[in-house]
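> Got a structure here, written out as structure tokens. Questions coming.
What follows draws every value from the coordinates through simple rules; no lab data is involved. Note that the coordinates shown come from a computational prediction; the quantities given were computed from them, not determined experimentally. Don't worry about glycine lacking a Cβ; one is built from the backbone with ideal geometry, like all the others, and counts go over all protein chains shown.
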Amino acid sequence: MVSTGGNAGWNEDAEHPATRFAADCALQLDVCNSLLAVADALPAGLNVKTLEVLSKLTPVTWTSHLALQNEAIIPLIVRRQEQPEAFLARFDPFARQHIEISSLNDELVDFFRAISGGERVENNMIGYLIRSVADRRREHVEWERVLLGPLLPQTLAPAERRMFMEWSAANPWPYDDFKRLSISNLN
């Protein structure tokens, strides 16, 4: 038996939302580690190739995270709640955080693209922004892992499994190669 993100005793099952949830959490944290590695390299210099990769990776992985949460994980959990409205109200702060982090990601990507294009940017300012994005994203993902992970059902009804498989087929894993290769050493 392979543990999937704190759900001890579950078999790793690529057709189960808990597996994708655990993999998404790990990918989000790996993106955070990569961002922090860039911030740690300051003020010595910025690797333009790394910034180009991160300017693509940061929004794509976040968009994938949002889709997984909003279209697969939350609806699956809500279906099993006796009071779905009360359950959803508890997670309003996550929705606000999704918007805030999306905005910070956009700002960071704009800075990365400007730097890649040859513009000079204050190292303290870019370092602060990078750390802010990484810290907010990490904190958010850790809370989701703690609060949502245990709520994922261990057993899916056939209709739930079919629904997740259809969603998963329509939403492939972003950057499949990163499942096998850590991106934390880009810098």
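> Over what distance in Å are the Cα centres of region 19-68 and region 135-154 separated?
18
> Quote to one decimal, in nm, the extra length available between THR155 and ALA44 on full extension: 0.36 nm per residue of separation minus the C-alpha distance between them.
The THR155-ALA44 span can extend by a further 34.9 nm.
> Right, something else. Suppose only helical runs count, i.e. DSSP H with n ≥ 4. What mean residue ellipticity at 222 nm does that imply for the chain under -39500 (n - 2.57) per run, divided by all residues and rounded to the nearest 500 deg cm²/dmol?
After summing the helix terms and dividing by residue count, I get -22000 deg cm²/dmol.
> Return the loop-located trypsin sites (Lys or Arg not before Pro) in region 79-175 (DSSP other than H, G, I, E, B) with at most 13 other Cβ atoms within 10 Å of their own Cβ; answer none if there are none. Could you put the intermediate results ahead of the total?
On the way: sites: ARG79, ARG80, ARG90, ARG96, ARG113, ARG120, ARG131, ARG136, ARG137, ARG138, ARG145, ARG161, ARG162; in loops: ARG80, ARG120.
Of the trypsin sites (Lys or Arg not before Pro), the ones in loops of region 79-175 whose Cβ has at most 13 other Cβ atoms within 10 Å are ARG80, ARG120.
> Another one. Tell me which GluC sites (Glu not before Pro) from region 14-85 have a DSSP coil assignment and no more than 13 other beta carbons within 10 Å of their own. Kindly include the intermediate steps, with their values, before the conclusion.
Details: sites: GLU15, GLU52, GLU71, GLU82, GLU85; in loops: GLU15, GLU82.
Those that pass, being in a loop and sparsely packed, are GLU15, GLU82.
> Note down the nm distance, to one decimal, between modelled labels 7 Å out along Cα→Cβ at GLU107 and at GLU142.
2.1
> Next question, about the same structure. Hydropathy at least -1.0 by Kyte-Doolittle, axial extent at least 30 angstrom from the Cα trace: which helices of the chain, defined as entire DSSP H runs, fit?
For the chain, where a helix must reach 30 Å along its axis and average at least -1.0, the hits are 17-41, 92-116, 123-148.
> If you don't mind, there's one more thing I want to ask. Counting Lys and Arg as +1 and Asp and Glu as -1, each charge on the Cβ, what is the dipole of the chain about the Cα centre in debye, to the nearest 20?
It comes to approximately 160 debye.
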